[in-house]
Amino acid sequence: MKSLGEMLLRKEPFSEIVMGDTAIVRAMIEAGVRVATSYPGSPTPEIAEAIASVPFDQRPFYFEFSTNEKVALEVAFGASINGHLSCPFFKSVGLNVAADSFVQLSMMDLLGGMVIVLGDDPGANSSQNEQDNRHLARLAYVPIFEPATPKEAYEMFLEAADLAKKHHMPIIVRLTTHVCHAKEKVGFGHWEPRPLDKTSRFDPKTGCYIPLTAATVYPMKRRALQNIDAVKKYAEDSPFNTTVDNSNKERGIITIGLPFLSLMDTLQFADSKPDVLKLGMVYPLPEKTIVDFMASHEEVKILEELDNFIELEIKSLAFDHGLKTKILGKKDAEDWIGEYVPEKVYQVMKKTWNDLLPETDFSPKGVLPSPRPPQLCPGCGHRSAFYAVKRALKGTDITVADIGCHTLGYLEPHEMGQVLLCMGHSTGTGSGLSLFNDERKVVAFIGDSTLFHAGLPGIINAVFNRHNLTLVIMENGTTAMTGHQDHPGSGKNFNGPTDAISIKKMLEGLGVNSVRVVDAYSQEKLTEAIKEAVSEEGFSVVIATHPCMLKFTREQRRKGKGVERQVSVDKEKCEHIYECLKVFACPTFQLMDDGSVITSKELCIGDGSCIQTCPVRAIGYQDK
Amino acid sequence: MKLDIFVIGVGGQGIGLLSETIIRAADHAGLTVKGVDTHGLAQRGGMVTSHIRIGEDAFSPLIMPGLADMVLALEIHEALRGLNTYLRDKGTLVYYSVSLQTLNVRLGKEKSVTIDDISRECKMRSVKEYAVSREVPDPRMQNIAILGTLARERLIDSVEPRHYEMALEDLLSGKVLELNLNLFHSILAD
Ligand SMILES: Cc1ncc(C[n+]2csc(CCOP(=O)(O)OP(=O)(O)O)c2C)c(N)n1
Ligand code: SF4
Ligand code: SF4
């Protein structure tokens with residue numbers, strides 16, 4: 001087996017098939033990053049997986065999963081003002097959490113520089129929205145590189161690191177889902193390990209680090225704007241601005257990132273191809289390059305994913321330069337929505353110039369089976385918990401979802417969780433719902449990683465303001481949905497053992513008077529606990545605890561222990577009540593044409609949490 | 001050479017290993033290749049897909065719907081989905097015929113997809129069909145049944161069995177590698 005860790009530490013140049021996220025880690029190493037931080041979130045957890053492949057004692061930089069993105073950014077900031085190149089990375093919506101600190105960065109003298117790797121998610125492949133973070137970056141005066149491929153992700157990171165070190169500033173490398181996860185062969189450069197320099201460089205006199213009143217804020221802001229000007233000069237000469245010259249005087253297209261690749265695939269269907277200008281940076285823009293390109297074409301289409309960010313800038317450039325070029329931007333709401341995958345770009349370009357492309361139909365050719373959305377794993381403790389909680393509530397009661405695997409409880413047949421904003425919102429939202437709502441009980445859910453990430457202020461508020469609701473903490477010991485990263489309750493961090501924070505003690509310390517802990521597999525007890533909790537006045541918490549069974553079965557398998565037994569349905573006893581299939585809904589149960597129920601040997605992990613749900617006791621173990 | 005392969009299955013079936021093996025095998029055979037997994041979330045059981053694009057002219061790692069030359073499916077419902085969303089007419093479908101019912105089938109709202117449904121659809125669209133039902137020692141090795149079929153039938157030009165073996169050796173080690181290679185070899189001999 002090829003060892004990823006060994007490869008990432010090679011001194012000599014090499015090329016290898018890697019995904020974008022892995023290419024970023026080699027770039028971090030070559031660029032001399034000393035401190036990297038993160039909070040898990042798709043599409044970036046694979047960056048941490050690649051870091052984990054390098055043994056701790058050989059890792060050329062410190063890495064931690066922090067409790068949330070804001071803390072991750074702050075740790076990276078602290079390291080940078082002490083002279084170390086740092087690299088926080090997280091998903092799109094992570095920037096919202098980090099925003100309060102993020103907007104200050106460009107005003108600070110970041111001695112060591114900072115490259116922020118942002119995993120945006122056009123298409124909402126695994127996020128609760130598809131926000132366009134280019135707006136936030138511009139608001140904070142932070143330049144943005146936008147790679148289209150793993151190769152560019154690697155190369156642009158190196159450029160960004162150079163600029164960040166040179167100007168003591170933060171720079172964003174904005175990846176999107178299918179840049180992070182795309183795989184291709186990338187040629188990597190030479191790595192010269194440098195000994196770690198522990199000289200303490202933080203000096204409050206180097207920069208001004210205290211923004212307070214105009215007297216300090218103005219000069220600090222001036223510094224940020226001067227840096228943007230310096231990067232603008234770089235952007236103009238950047239090797240990442242490329243043109244595809246089809247000698248077309250009439251039509252040109254300006255584009256960036258992944259949409260460029262979709263465009264190149266689309267243009268293979270066009271007889272008369274427009275010229276293309278692909279940019280490497282979206283903020284600040286290379287003005288002269290753009291103006292020259294526009295001036296040499298009669299019509300220019302701006303092809304960009306999500307919002308009309310560069311379109312507006314380019315239109316104002318055209319105005320300032322008195323250009324007559326016709327600029328074709330976004331046409332309708334659909335152009336603002338969704339990832340610019342090849343078929344989407346095909347349609348957008350067809351809408352722009354109808355004669356450019358032949359008519360094509362991308363719709364399905366025949367009947368399709370119904371969709372197969374993600375669902376809770378076989379044996380998941382969350383399923384058992386939802387089953388038990390549902391029994392304790394009336395159909396009219398209100399349930400508030402939060403983010404994590406347990407969000408899937410909103411799906412049929414559990415339908416637990418009716419409203420969702422973002423990580424950690426549930427207690428706050430539930431508190432608001434409980435006001436003037438005497439008839440309907442309010443039950444909110446939250447996962448344990450999310451509890452530490454953003455859940456505490458809502459809980460403290462519920463105690464402080466005496467809100468009347470029940471919070472169910474779905475404790476499984478891990479950050480499951482993003483790939484099982486440890487969190488402050490796990491007893492381990494990325495680098496080794498640490499003290500686990502006890503959720504129960506923490507809640508008691510916060511003054512939560514009513515806390516019950518029940519194993520999620522003990523359905524009767526859990527139902528009872530919820531009934532009691534919702535009947536109390538005020539704020540109550542029930543901790544429904546059970547280890548993540550996917551993580552558990554994987555660990556067992558690594559130890560050489562496979563699934564030892566599975567359940568089956570006794571045909572004699574089964575009365576076709578279908579509680580297992582239609583109410584408990586472990587995906588293991590399969591409905592046969594003759595109405596009988598069987599269990600799938602592919603799926604059953606043999607935990608037995610289903611056995612208690614069958615009213616006629618038809619489910620039982622079958623020895624393997 | 002140009003070949004676009006769309007891979008589809010259910011989370012947990014080992015689609016990631018299948019597609020990375022093919023990508024690496026193509027590379028070992030000297031072809032230009034890229035691809036992408038549509039990484040689902042951690043949970044098992046949702047639909048997962050992977051795109052593989054062989055050839056110099058492929059820019060995006062993603063294939064356009066209806067234009068894949070080949071669809072590999074690890075499950076029968078997903079085989080029908082892959083066939084009707086991504087495969088072009090006269091393309092090739094290779095699928096493992098295990099059935100993992102969708103929620104609607106389990107709730108009794110919809111009928112299961114059968115081998116006959118797939119065959120009928122393939123005939124209508126002149127698709128070459130390989131239904132694989134070979135027993136494997138462990139359900140998690142159903143992906144190797146597909147890989148073995150690809151190799152035995154030489155479905156990717158210029159990618160030979162040894163290239164798949166080299167790819168498996170890149171990705172696996174020890175007992176797991178041994179088990180997978182053994183199965184691969186026995187399928188080649190089928
Ligand atoms: C601000 C923000 N950061 C990261 C994510 C990505 N994310 C989705 S679910 C989740 C955590 C889930 O862990 P936990 O709360 O323990 O629930 P579990 O999945 O284990 O049930 C994360 C980090 C996000 N949606 N928002
Ligand atoms: S990954 Fe763990 S927590 Fe998530 S659905 Fe699967 S078993 Fe449940
Ligand atoms: S024992 Fe099998 S069927 Fe029952 S809940 Fe667990 S995985 Fe599902």
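The values are calculated or read from the model by the stated rules, or taken from the named source; none is laboratory data. Computed from a predicted structure; not experimentally measured. Neighbour counts are summed over all protein chains in view; Cβ atoms, including those assigned to glycine, are modelled from backbone coordinates with ideal geometry. Protein only, heavy atoms only, side chains kept; ligands, DNA and RNA dropped before computing areas. Shrake-Rupley method; radii C 1.70, N 1.55, O 1.52, S 1.80 Å.
Overview of results
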| item | result |
| --- | --- |
| Check on residue A:498, open to solvent by less than 40 Å² (accessible area, probe 1.4 Å) and not small (Gly, Ala, Ser) | no |
| Residue A:240 vs. criteria open to solvent by less than 60 Å² (accessible area, probe 1.4 Å), outside any helix (DSSP H, G or I) and modelled with pLDDT of 95 or more | yes |
| Given (1) touching a helix residue (DSSP H, G or I) at 6+ places or on another chain (Cβ under 7 Å); (2) touching a residue at least 24 places away in the same chain (Cβ under 8 Å); (3) within 18 Å of residue A:182 (Cβ to Cβ), number of the condition residue B:80 does not satisfy | (3) |
| Extreme residue, nearest to the other protein chains (Cβ to nearest Cβ), among residues of segment A:384-396 that are open to solvent by 10 Å² or more (accessible area, probe 1.4 Å) and either assigned to a loop (DSSP other than H, G, I, E, B) or within 15 Å of ligand 1 (Cβ to nearest atom) (or both) | A:395 |
| Count of residues meeting criterion [touching a residue at least 60 places away in the same chain (Cβ under 8 Å), open to solvent by 10 Å² or more (accessible area, probe 1.4 Å) and on the phi < 0 side of the Ramachandran plot] in segment A:133-145 | 2 |
| Residue pairs meeting the criteria (Cβ under 8 Å; at least 6 apart or on separate chains; first away from every other protein chain (no Cβ under 13 Å) and of a type in the set (Val, Ile, Thr), in segment A:567-595; second surrounded by fewer than 19 Cβ atoms within 10 Å (Cβ to Cβ) and in a helix (DSSP H, G or I)) | A:567/A:611 |
| Near pairs, Cβ below 7 angstrom, 6+ apart or cross-chain, from segment A:205-232 (assigned by TED's automatic domain parsing to the domain that holds residue A:143) to any residue that is part of a helix (DSSP H, G or I) and open to solvent by 50 Å² or more (accessible area, probe 1.4 Å) | A:208/A:219 |
| Within segment B:139-190, considering residues that are more than 15 Å from the chain's Cα centre (by Cα) and of a type in the set (Gly, Ala, Ser), the one farthest from residue B:53 (Cα to Cα) | B:174 |
| Yes/no for residue B:37 being closer than 17 Å to residue A:262 by Cα and either within 11 Å of chain A (Cβ to nearest Cβ) or crowded, with 24+ Cβ neighbours inside 10 Å (or both) | yes |
| Restricting segment A:253-298 to residues that are in contact with a Ser or Thr (Cβ under 6 Å, 6 or more places away or on another chain), outside any loop (DSSP other than H, G, I, E, B) and not hydrophobic (A, V, I, L, M, F, W, C), the residue that is farthest from the other protein chains (Cβ to nearest Cβ) | A:278 |
| Subset of segment B:20-30 that is touching an Asp or Glu at 6+ places or on another chain (Cβ under 9 Å) and open to solvent by 10 Å² or more (accessible area, probe 1.4 Å) - its residue that is nearest to residue B:99 (Cα to Cα) | B:20 |
| Members of segment B:144-190 found to be modelled with pLDDT under 95 and among the basic types (Lys, Arg), listed by number | B:175 |
| Tabulated pairs, segment A:117-128, first open to solvent by less than 10 Å² (accessible area, probe 1.4 Å), second within 16 Å of ligand 2 (Cβ to nearest atom), C-beta under 8 angstrom, 6+ apart or interchain | A:119/A:41; A:119/A:42; A:121/A:42 |
| Candidates A:450, A:399 - the one that is within 16 Å of ligand 1 (Cβ to nearest atom), more than 14 Å from chain B (Cβ to nearest Cβ) and assigned to a strand (DSSP E or B) | A:399 |
| Scope segment B:115-143; condition open to solvent by 60 Å² or more (accessible area, probe 1.4 Å) and under 23 Å from residue A:373 (Cβ atoms); matching residues | B:140 |
| Lone qualifier among A:614, A:604 - being within 29 Å of residue B:111 (Cβ to Cβ) and within 14 Å of another protein chain (Cβ to nearest Cβ) | A:604 |
| Candidates A:288, A:365, A:326, A:273, filtered to the one that is more than 32 Å from the chain's Cα centre (by Cα) and at pLDDT below 95 | A:365 |
| Residue tally, condition surrounded by fewer than 22 Cβ atoms within 10 Å (Cβ to Cβ) and in a helix (DSSP H, G or I), over segment A:2-30 | 6 |
| The one condition in (1) among the aromatic types (Phe, Trp, Tyr); (2) assigned to a helix (DSSP H, G or I); (3) open to solvent by 20 Å² or more (accessible area, probe 1.4 Å) that residue A:362 fails to fulfil | (2) |
